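Right, one structure below, let's go through it.
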Amino acid sequence: MAAEKDTEIDAIFQQIIATRPASEWNGIETQRAAQLAMLMHMVNNDTALLVRAGSLIKTNKGAKPNPLLYSLDKQNGQINHLCRSLGLTIHTNGKGDPRDQMGKNAQFERDHGRGMVGQSGGAVISLAAILSDDN
């Protein structure tokens, strides 16, 4: 059972590490990635327990929220914090801090114009020009 748990955590860790080249990971980030993998494994297990037990527990005084709800909320907060500190967000897809990505987007708009379909005043963007840029 412990070997299976370690294998699952290692698989999650490998997925996290694969989000960018190995040369871009430093020691503290690798440590945070390991913590993130462990937390994600715990959340998966706790979620499975919550699904089986239900979100409400019957007591003598009526129903009360399952304590796993509080635990999962805290764990998800820790996961979100670690993801942000590692630059792993849904908006960047592992490409770093979202503020850096926003800066790149703004620079792209300055260089090439907005060019959004259905929006007046946008510049026409040449696909060849985009593909020739070194990003």
Going by what's in this entry, would T59 be described as touching a helix residue (DSSP H, G or I) at 6+ places or on another chain (Cβ under 8 Å), hydroxyl-bearing (S, T, Y) and modelled with pLDDT under 90? no
Lone unmet requirement of (1) open to solvent by 60 Å² or more (accessible area, probe 1.4 Å); (2) in contact with a Cys (Cβ under 7 Å, 6 or more places away or on another chain) for T89: (1)
Identify, by number, the condition in (1) over 21 Å from G87 (Cβ atoms); (2) open to solvent by 80 Å² or more (accessible area, probe 1.4 Å) that M38 doesn't meet. (1)
Scan segment 4-14 and tell me whether some residue there is out of contact with any Phe, Trp or Tyr (no Cβ under 7 Å at 6 or more places or on another chain), of a type in the set (F, W, Y), open to solvent by less than 50 Å² (accessible area, probe 1.4 Å) and within 23 Å of N76 (Cβ to Cβ). yes
Only residues that are open to solvent by less than 50 Å² (accessible area, probe 1.4 Å) and either over 18 Å from N76 (Cβ atoms) or not in a helix (DSSP H, G or I) (or both): list them for segment 15-29, please. I17, R20, W25, E29
Would you confirm whether or not segment 93-108 contains a residue that is at pLDDT below 90, acidic (D, E) and open to solvent by 40 Å² or more (accessible area, probe 1.4 Å)? yes
Matching residues, segment 41-68, being in a helix (DSSP H, G or I) and either surrounded by 15 or more Cβ atoms within 10 Å (Cβ to Cβ) or hydroxyl-bearing (S, T, Y) (or both): H41, M42, V43, D46, T47, L50, L68
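The values are calculated or read from the model by the stated rules, or taken from the named source; none is laboratory data. No experiment lies behind these values; they were computed from the predicted model shown. Cβ sites come from the backbone with ideal geometry, for glycine too, and all protein chains shown count toward neighbours. Heads up: the accessible areas ignore ligands, DNA and RNA and are worked out on the full protein's heavy atoms, side chains in. Shrake-Rupley method; radii C 1.70, N 1.55, O 1.52, S 1.80 Å.
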